[in-house]
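Participant: Could you have a look at this structure, given as structure tokens, before my questions?
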Amino acid sequence: MGEDSYGINREVMGRIVAEIEEVSNLGVEIAIVVGGGNIFRGMKSANDGLERVNADYMGMLATVMNALALQDAMKLVGLVPRIQSALRIEQVVEPYIRARALRYMKDGKVVIFAAGTGNPFFTTDTAAALRGMEMNVDIMLKATKVDGIYTEDPKINPSATRFKKLTFDEAINRNLQVMDATALTLCRDQKLPLNVFSIFKLGALKRIITGEDEGTLVTV
């Protein structure tokens, strides 16, 4: 949503797609898990009194809206995206089918996973970890608001320092809140490396892929 208070900022969308295109042109196979917080935040609404399961399903539907917008933006630059949803909405997007998603990636298409895991009480982080394992990816990348994992929240404490590398146990035991514990535990148990980086830094995605010092790498 960029600097907007709500919705989809086309300029931000275009910049993100340009970075995805740059990496795709390197021959990298890409799968993307989208959230929906720019449209609807299930946890916040649940805390405000909306029944939690309904709030989570509403959040999943918001991710489908983002996936459709991302798909259109990708097509404009010549990428070939395919959306798969954990919720069945066949009139809009195809359902999640692992074998088909793997084939799409092998063929150079960018797969967009929507609707989380399809289950309430699971975060987008957990959905990303799960899909990463199912797609046999080499690394999971989390694009977020800060350029890595810090000793403390850098917005609260400007003297906080960024970790270049961490282990999953360190991230969990220090309660650094970079991802929810379920997602971190899944990645740790399956030995799936994780890099946390800023979605706002131009070229960050490519720098990670080419092995430069970008974000924070979390390993076993």
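Participant: Here are some residues: Ile156, Ile172. Which one is over 17 Å from the mean Cα position of the chain (by Cα), among the β-branched types (Val, Ile, Thr) and in a loop (DSSP other than H, G, I, E, B)?
Facilitator: Among Ile156, Ile172, only Ile156 is over 17 Å from the mean Cα position of the chain (by Cα), among the β-branched types (Val, Ile, Thr) and in a loop (DSSP other than H, G, I, E, B).
Participant: With the requirement that a residue be surrounded by 11 or more Cβ atoms within 10 Å (Cβ to Cβ) and part of a loop (DSSP other than H, G, I, E, B), what does region 143-153 give you?
Facilitator: Val146, Asp147, Gly148, Thr151, Glu152, Asp153
Participant: Continuing with the same structure: Name the one entry in Met43, Met60, Met74 that is in the same structural domain as Val110 (by TED's automatic domain parsing), within 15 Å of the chain's Cα centre (by Cα) and part of a helix (DSSP H, G or I).
Facilitator: Met60
Participant: Moving on. Find the residue count for region 185-206, including only residues that are touching a residue at least 24 places away in the same chain (Cβ under 8 Å) and in a helix (DSSP H, G or I).
Facilitator: 6
Participant: How many residues are assigned to a helix (DSSP H, G or I) and over 22 Å from Ile20 (Cβ atoms) if we restrict to region 80-104?
Facilitator: Residues that pass the stated criteria total 1.
Participant: Okay, moving on. Can you name the condition, by its number, that Ala73 falls short on among (1) at pLDDT 95 or above; (2) out of contact with any strand residue (DSSP E or B) (no Cβ under 8 Å at 6 or more places or on another chain); (3) surrounded by fewer than 17 Cβ atoms within 10 Å (Cβ to Cβ)?
Facilitator: Result: Ala73 passes all but (3).
Participant: Tally the residues that are free of Cβ contacts under 8 Å to residues at least 60 places away in the same chain and out of contact with any Asp or Glu (no Cβ under 9 Å at 6 or more places or on another chain), restricting the search to region 112-137.
Facilitator: Total meeting the criteria: 7.
Participant: Separate question: Out of (1) closer than 18 Å to Met179 by Cβ; (2) out of contact with any Lys or Arg (no Cβ under 9 Å at 6 or more places or on another chain); (3) assigned by TED's automatic domain parsing to the domain that holds Ile83, what's the single condition that is false for Ala128?
Facilitator: (2)
Participant: At pLDDT below 95 and surrounded by fewer than 20 Cβ atoms within 10 Å (Cβ to Cβ): does that describe Thr161?
Facilitator: When the stated conditions are applied, Thr161 passes them.
The values are calculated or read from the model by the stated rules, or taken from the named source; none is laboratory data. Owing to the predicted nature of the structure, the values given are computational and were not obtained by experimental measurement. Cβ: placed from backbone, ideal geometry, glycine included. Neighbour counts: every protein chain shown.
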